[in-house]
1. Quick test of your reading of the structure: residue 357 fulfils all but one of (1) buried (at least 19 other Cβ atoms within 10 Å of the Cβ); (2) closer than 23 Å to residue 147 by Cα; (3) in contact with a strand residue (DSSP E or B) (Cβ under 7 Å, 6 or more places away or on another chain). Name the failing condition by number.
2. Determine which single condition residue 402 fails, assuming it passes every other condition in (1) at positive phi; (2) surrounded by 19 or more Cβ atoms within 10 Å (Cβ to Cβ).
3. At pLDDT 95 or above, at negative phi, surrounded by fewer than 19 Cβ atoms within 10 Å (Cβ to Cβ) and more than 16 Å from the ligand (Cβ to nearest atom), is that true of residue 424?
4. Could you figure out which of (1) surrounded by fewer than 24 Cβ atoms within 10 Å (Cβ to Cβ); (2) without any contact (Cβ under 8 Å) to a residue 40 or more places away in the chain; (3) in contact with a helix residue (DSSP H, G or I) (Cβ under 8 Å, 6 or more places away or on another chain) isn't true of residue 278?
5. Quick check, is residue 57 away from the ligand (no atom under 16 Å from the Cβ) and assigned to a loop (DSSP other than H, G, I, E, B)?
6. If I ask for residues that are in contact (Cβ under 8 Å) with a residue 12 or more places away in the chain and either under 23 Å from residue 182 (Cβ atoms) or part of a helix (DSSP H, G or I) (or both), which ones from region 247-268 would you list?
Ligand code: C6P
């Protein structure tokens with residue numbers, strides 16, 4: 001993928017953000033070939049073939065500057081945060097809190113105290129379900145979810161529903177992998193307390209109209225949590241513009257380290273919510289029978305955090321910001337369009353998700369009539385093409401479409417048309433092995 005105006009890290013490739021869910025036609029394009037060189041893991045051969053890494057919805061590769069930030073922290077600044085009165089601790093704290101500030105302003109938070117570090121999206125949603133849900137849900141209250149959700153946005157609500165007697169209700173999916181938003185007004189009842197929905201589906205690629213959902217939910221007086229695991233990495237995020245109350249994200253999906261993520265929440269909600277876990281860092285005073293809590297966001301951060309992860313996440317955000325989230329989304333949609341064109345030629349293929357590439361981010365999910373997704377993934381692996389096969393932790397999606405698994409290729413800013421060609425060539429090999437698939 002080349003362009004007349006390639007944008008590489010180091011140059012400013014950003015342009016004003018379009019409304020959520022839309023791409024700006026004026027968005028700068030990017031030069032994936034050039035960006036790829038920043039990612040050492042992508043330079044290797046796998047099974048004797050150059051690696052075509054198409055499993056980015058699972059996790060993304062890390063650019064040199066993220067690796068350098070991790071190494072720099074451990075080589076020079078390694079110390080615990082907020083505790084020691086010494087130079088290293090001061091530096092570690094500054095880098096750790098500096099990263100929080102960067103993330104907060106990048107997603108449009110009203111301040112760093114609205115950003116709680118977590119291990120990732122899963123922990124962020126568990127935090128809300130357990131803390132907010134435990135304190136606010138009562139028997140007969142309702143939580144509205146969708147059939148599109150990742151298990152991380154289902155199971156925490158099931159657990160709190162079992163504890164409190166709250167009921168779970170579900171927005172369905174249409175045949176093309178879109179939410180049945182026509183059902184939402186009916187599902188929002190007098191007992192609805194919270195709606196929790198993914199920004200982008202990991203199994204289908206669908207970009208959900210979060211703002212539209214937020215308007216309905218807020219007019220109804222309920223809260224909205226957005227699972228942004230597949231949102232923030234591929235899509236401009238402005239939590240104010242989205243109109244949500246909670247936004248959960250994972251650092252490793254946006255080129256940061258694993259084990260670091262964040263929960264953004266409106267300050268007044270965090271103020272009212274009880275702590276999620278107890279331990280060091282999150283207290284002000286500890287007596288024998290009770291304790292009082294530290295100020296936000298530390299009230300929710302018990303124990304020694306993933307300092308290196310948080311510090312290196314800033315490098316990832318800086319990188320993504322320079323490339324420009326609008327350009328990333330547009331690039332992914334171009335790759336999706338190109339992939340769909342090739343995939344539609346394959347006999348016996350079934351495609352999942354919206355037919356229009358502009359309705360999705362960089363995910364293509366499909367099944368072949370004769371080959372099991374795991375066999376497809378294994379054959380592609382021998383060709384050096386990394387994809388994911390399975391239920392993608394979205395068993396309700398699989399059930400909705402009557403399959404147990406799909407094959408999924410997911411693109412990111414460093415993928416090229418050549419990577420897609422490698423996928424298509426690998427599928428031709430699958431066809432040869434399995435006959436007319
Ligand atoms: N989906 C995938 O291959 P964690 O594991 O906490 O970083 O993210 C969980 C999660 C939550 N919501 C959505 C929409 C997701 O896609 C994921 C992670 C990966 O699709 C791993 S199962």
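The values are calculated or read from the model by the stated rules, or taken from the named source; none is laboratory data. This one's a predicted model, so the numbers in the text were calculated from it and none came from an experiment. Ideal geometry is used to build each Cβ from the backbone, glycine not excepted, and the neighbour counts take in all protein chains shown.
1. Condition (3) is where residue 357 drops out.
2. Here residue 402 clears every test but (2).
3. Here the answer is yes, as residue 424 does meet what is asked.
4. (3)
5. When the stated conditions are applied, residue 57 does not pass them.
6. Correct list: 251, 252, 253, 254, 267.
Table: residues versus (1) over 23 Å from residue 237 (Cβ atoms); (2) within 16 Å of the ligand (Cβ to nearest atom); (3) touching a helix residue (DSSP H, G or I) at 6+ places or on another chain (Cβ under 7 Å).
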site: 343; (1), (2), (3): yes, no, no
site: 358; (1), (2), (3): no, no, yes
site: 363; (1), (2), (3): no, yes, no
site: 398; (1), (2), (3): yes, yes, no
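The rows are residues; the columns are (1) surrounded by fewer than 22 Cβ atoms within 10 Å (Cβ to Cβ); (2) in contact with a helix residue (DSSP H, G or I) (Cβ under 7 Å, 6 or more places away or on another chain); (3) at pLDDT below 95.
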site: 180; (1), (2), (3): yes, no, no
site: 184; (1), (2), (3): yes, yes, no
site: 193; (1), (2), (3): yes, yes, no
site: 196; (1), (2), (3): no, yes, no
site: 202; (1), (2), (3): no, no, no
site: 206; (1), (2), (3): no, yes, no
site: 240; (1), (2), (3): yes, no, no
